[in-house]
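Undergrad: One structure coming up, written as structure tokens, with questions to follow.
The values are calculated or read from the model by the stated rules, or taken from the named source; none is laboratory data. Remember, it's a predicted structure, so these values are computed and weren't measured experimentally. All Cβ positions, glycine included, derive from the backbone under ideal geometry; neighbour counts span all protein chains shown.
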Amino acid sequence: MRPLYRLRQCWKAIFPRITAADAAWIQSLLPPAARALFLRMNPGGRRHGLDTARMLSAWENHIRSRLSAAEYKELLQAALLHDCGKIPFRLTVGQRAARVLLEALPPSPRLNALRRRPYVAQALTAAAAHAALGAEMAGRAGLSREVQTLIARHHQPQTPAEHLLAQADDIC
Ligand SMILES: [Fe+2]
């Protein structure tokens, strides 16, 4: 992962901010149960979901030539909630930073030992499991099968819509 991108993500995770206009936009996109799920995400996760959705809305003209209005709305819903599967793990900023560092550094026996420490292992488990778990949680919050699939595949995109979500996620 690009170091500058990761640095920006860490900054946003530490100093997140959601404006009244952002909150109104989220309310227009998510039904109540999904909104409650969004609010269960940590502040950094909410800001990242919002930035990802905002990025997709900036590409609206390009996207709307490929997706219907309903598909576009589902894409924005998935963007807002794509990392909601991290909620149960309650990761600290330190755990997230440790995972970023481990991804950036070349493997070594010492780092492999670090990976097995419970504090770090939990962050790695969250990274591996959150997409599938998030899809389940979105389903329980009443979101469509399409939104669930977008969330489930946001790190392994297959369709054009899934690629758009993964691209926006990568930038934000
Ligand atoms: Fe993710």
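Undergrad: Looking at (1) over 30 Å from Leu30 (Cα atoms); (2) within 16 Å of the ligand (Cβ to nearest atom), find the lone condition where Ala131 falls short.
TA: (1)
Undergrad: Pairs under 6 Å by beta carbon, first residue under 16 Å from Met41 (Cβ atoms) in the stretch 16-29, partner not in a loop (DSSP other than H, G, I, E, B), six or more apart or different chains?
TA: Hits for this filter: Pro16/Pro43; Pro16/Gly44; Pro16/Arg47; Asp22/Leu50; Leu29/Leu76; Leu29/Gln77.
Undergrad: Next up: Working only within the stretch 39-82, note down all residues that are closer than 16 Å to Leu143 by Cβ and either in contact with a His (Cβ under 8 Å, 6 or more places away or on another chain) or among the aromatic types (Phe, Trp, Tyr) (or both).
TA: Those that are closer than 16 Å to Leu143 by Cβ and either in contact with a His (Cβ under 8 Å, 6 or more places away or on another chain) or among the aromatic types (Phe, Trp, Tyr) (or both): Gly49, Thr52, Tyr72, Ala78, His82.
Undergrad: Still on this model: Select from the stretch 82-91 the residues that are of a type in the set (Lys, Arg) and buried (at least 18 other Cβ atoms within 10 Å of the Cβ) and list them in ascending order.
TA: Residue satisfying the conditions is Lys86 alone.
Undergrad: Quick check: is even one residue across the stretch 110-122 free of Cβ contacts under 8 Å to residues at least 60 places away in the same chain, farther than 18 Å from His48 by Cα, polar (S, T, N, Q) and within 16 Å of the ligand (Cβ to nearest atom)?
TA: The answer is yes, given that some residue of the stretch 110-122 is free of Cβ contacts under 8 Å to residues at least 60 places away in the same chain, farther than 18 Å from His48 by Cα, polar (S, T, N, Q) and within 16 Å of the ligand (Cβ to nearest atom).
Undergrad: Select from the stretch 122-154 the residues that are surrounded by fewer than 15 Cβ atoms within 10 Å (Cβ to Cβ) and either of a type outside the set (Lys, Arg) or within 18 Å of Asp169 (Cβ to Cβ) (or both) and list them in ascending order.
TA: Thr125, Ala128, Ala129, Ala132, Glu136, Gly142
Undergrad: From Ala113, Ala79, which residue is at pLDDT 90 or above, surrounded by 13 or more Cβ atoms within 10 Å (Cβ to Cβ) and among the small types (Gly, Ala, Ser)?
TA: Selected residue: Ala79, the only one of Ala113, Ala79 that is at pLDDT 90 or above, surrounded by 13 or more Cβ atoms within 10 Å (Cβ to Cβ) and among the small types (Gly, Ala, Ser).
Undergrad: Keeping to the stretch 32-53, report how many residues are loosely packed, with under 12 Cβ neighbours inside 10 Å and under 13 Å from Leu165 (Cβ atoms).
TA: The total comes to 0.
Undergrad: Residues to consider are Leu67, Leu56, Leu29; find the one that is farther than 18 Å from His130 by Cβ and crowded, with 22+ Cβ neighbours inside 10 Å.
TA: Leu56
Undergrad: Pairs under 8 Å by beta carbon, first residue farther than 19 Å from Ala123 by Cα and of a type in the set (Gly, Ala, Ser) in the stretch 74-96, partner within 12 Å of the ligand (Cβ to nearest atom) and part of a helix (DSSP H, G or I), six or more apart or different chains?
TA: Close Cβ pairs satisfying both conditions: Ala78/Leu150; Ala78/Ile151; Ala78/Leu165; Ala79/Gly49; Ala79/Thr52; Ala79/Leu165; Ala79/Ala168; Ala79/Asp169.
Undergrad: Let me ask another. Do you know which residues across the stretch 136-172 are in a helix (DSSP H, G or I), within 11 Å of the ligand (Cβ to nearest atom) and touching a residue at least 40 places away in the same chain (Cβ under 8 Å)?
TA: Selection gives Ile151, Leu165, Asp169, Asp170.
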